[in-house]
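One structure below.
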Amino acid sequence: MTIKNKRVLISGASIAGPALAYWLQRYGFEVTIVEIAPASRIGGYKIDLRGKAVDVAKKMEIYDKARQLSIVMLSGTILDEKGTVIDEIAGEYMGMHVGDDIELWREDLSRILYEATSNSCEYIFGNSIKSVTQNHDNITVEFLSGQSRQFDILVGADGIHSNVRSLVFGNESLYSHNLGDYFVAICSAKTNLNLDRHEIFYSKIDKLFNIYCTSKGEDAKELFVFRAPGLTFDYKDIKQQKEIVSRIYSDAEWEIPTMLQAMNQSSDFYFDEVKQIRMEKWFKNRTIVIGDAAFSPCLASGQGTSLALVGAYILAGELMQKEGDYTAAFTEYEKEMKSFVDANQKLGEAIIEHMVPKEKVEPWMGASILDQIQFAANCIQLKNYQS
């Protein structure tokens, strides 16, 4: 098989980018990955591998490593606004997992993917793309470092605030879908709550607080999810973002005042709007966006990582099958992925409504939610690509 358009530049070295690189280099493509961070991404929160993404991880021969690092939560508790227990959750329901589904830290999966590709792909850390010029024969990319290079295909795997999408497709506002004015803050924090593999959900109208530890003695992860119509914020102003969370939760009871103090002392604070990215087309000429950059289902779905792995498998497979004919491959990729993406974005919309109560605080985890998650995780038939 003779492959044309072999030189591929991928922007983003978290999950979707290295997963795509794994398959492309296996099929004979020459892959370069550029990442603005100075090294492979660390930190983040726990993520899920479910359904068809598990099948892809097994095909990549990384599933066993991921499983060895999997997180097993033993139990959970849902509290009302006074801190009264209104539901106890058994361990088997905590992650909404079935069969070989697993949960692990984002940084662990990112490291596994990096290790699987670092010897066969070129990584450029601490750099990003400044400009993109597409023509009939190739793409000229100028980096922030000042260097210019030519590639045949450009892939934006650089997340919900994708730089590639902004440069090639237009401003983020064109593709950002508001799910109802929800916002999220995540940080690490010390706690005296004795949360060894236990998770607590505190609910109040228009806000949710979640805290968990995945092993005894480690710092907890705090998660604040809330509705705030009309809220605006500066993406770069962490102090302002912490002040917003403190103000929103100032009327909350139970241990929330203590949790807010811990949040204000945290050094790994993350804040953003809970939204989806929706695009009619995921490619333009020689450039395509994948993962959250193209179709973020929002963190409430728990399916962003699975969409990234499945999408990477299909895109690489189509490029190989079409022998580097990117227009044909991109078109088939869209066709294969569309209904899968739609189902997972509907899941994200449904779950955020369950998580953050608008009128009444009540238990929300259960069999019906599990059924919705499992449908979304499995509603695609994977082709068996052969090189």
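Structure notes:
- Considering (1) assigned to a loop (DSSP other than H, G, I, E, B); (2) farther than 20 Å from Met96 by Cα; (3) in contact (Cβ under 8 Å) with a residue 60 or more places away in the chain; (4) not β-branched (Val, Ile, Thr), the lone condition that Met320 does not fulfil carries the number (1).
- Total residues in segment 227-259, condition part of a helix (DSSP H, G or I) and under 17 Å from Gly83 (Cα atoms): 4
- Which numbered condition Tyr45 fails, given (1) modelled with pLDDT of 95 or more; (2) open to solvent by 20 Å² or more (accessible area, probe 1.4 Å); (3) under 19 Å from Ser110 (Cα atoms); (4) of a type outside the set (D, E, K, R): (1)
- Contacts under 6 angstrom Cβ, first residue in segment 253-273 being touching a residue at least 24 places away in the same chain (Cβ under 8 Å), partner of a type in the set (Lys, Arg) and outside any strand (DSSP E or B), 6 or more apart: Glu253/Lys82
- Among the residues of segment 207-265, those identified as open to solvent by 20 Å² or more (accessible area, probe 1.4 Å) and among the aromatic types (Phe, Trp, Tyr) are Phe233, Tyr235, Trp254.
- Verdict on Ile352 being open to solvent by less than 20 Å² (accessible area, probe 1.4 Å), assigned to a loop (DSSP other than H, G, I, E, B), under 26 Å from Tyr93 (Cα atoms) and among the hydrophobic types (A, V, I, L, M, F, W, C): no
- Count of segment 52-90 residues which are open to solvent by less than 10 Å² (accessible area, probe 1.4 Å) and farther than 18 Å from Cys213 by Cβ: 7
- Residue check for Ala294: closer than 30 Å to Lys82 by Cβ and either part of a loop (DSSP other than H, G, I, E, B) or of a type in the set (Gly, Ala, Ser) (or both): no
- Of all the numbered requirements in (1) modelled with pLDDT of 95 or more; (2) open to solvent by 30 Å² or more (accessible area, probe 1.4 Å), Leu24 misses one, and that requirement is (2).
- Test result for Thr117, crowded, with 17+ Cβ neighbours inside 10 Å, over 24 Å from Gln374 (Cβ atoms) and either under 25 Å from the mean Cα position of the chain (by Cα) or of a type in the set (Ser, Thr, Tyr) (or both): yes
- Scanning segment 269-293 for residues that are open to solvent by 70 Å² or more (accessible area, probe 1.4 Å) and acidic (Asp, Glu) returns a single hit, Glu280.
- Residues satisfying the stated conditions in segment 159-192, i.e. open to solvent by less than 30 Å² (accessible area, probe 1.4 Å) and of a type in the set (Lys, Arg): Arg165
- Of all the criteria given as (1) within 30 Å of Pro357 (Cα to Cα); (2) in contact with a helix residue (DSSP H, G or I) (Cβ under 8 Å, 6 or more places away or on another chain), the one not satisfied by Leu174 is (2).
- Scan of segment 100-114 for residues that are open to solvent by less than 70 Å² (accessible area, probe 1.4 Å), over 22 Å from Ile288 (Cα atoms) and out of contact with any strand residue (DSSP E or B) (no Cβ under 8 Å at 6 or more places or on another chain), ordered by number: Asp100, Glu107, Asp108, Ile112
- Extreme residue, nearest to Ile15 (Cα to Cα), among residues of segment 140-158 that are crowded, with 21+ Cβ neighbours inside 10 Å and either β-branched (Val, Ile, Thr) or modelled with pLDDT under 95 (or both): Val155
- In summary, helices (runs of 4 or more DSSP H) completely within segment 1-68 and bearing 3 or more residues that are among the charged types (D, E, K, R) occur at 52-59, 63-68.
- Enumeration of residues in segment 210-248 that are at pLDDT 95 or above, more than 23 Å from Glu349 (Cα to Cα) and not aliphatic (A, V, I, L, M): Asp237, Lys239, Gln240, Gln241, Lys242, Glu243, Ser246, Arg247
- Segment 307-335: number of residues that are within 26 Å of Ile186 (Cα to Cα) and touching a Pro at 6+ places or on another chain (Cβ under 9 Å): 1
- When segment 1-10 is filtered for residues that are open to solvent by 10 Å² or more (accessible area, probe 1.4 Å), in contact with a helix residue (DSSP H, G or I) (Cβ under 8 Å, 6 or more places away or on another chain) and either under 17 Å from Thr140 (Cα atoms) or modelled with pLDDT of 95 or more (or both), only Asn5 remains.
Residue by residue, here is whether (1) of a type in the set (S, T, N, Q); (2) in a strand (DSSP E or B) holds:
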position	(1), (2)
His136	no, no
Arg149	no, yes
Asp158	no, no
Arg165	no, no
Gly180	no, yes
Asn194	yes, no
Tyr202	no, yes
Phe209	no, yes
Tyr212	no, yes
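The values are calculated or read from the model by the stated rules, or taken from the named source; none is laboratory data. For clarity, every value in this text was computed on a predicted model and none was experimentally measured. Please note: Cβ atoms are built from the backbone with ideal geometry, for glycine as well, and neighbour counts cover all protein chains shown. Surface accessibility is based on the protein's heavy atoms, side chains included, excluding ligands, DNA and RNA. Shrake-Rupley method; radii C 1.70, N 1.55, O 1.52, S 1.80 Å.
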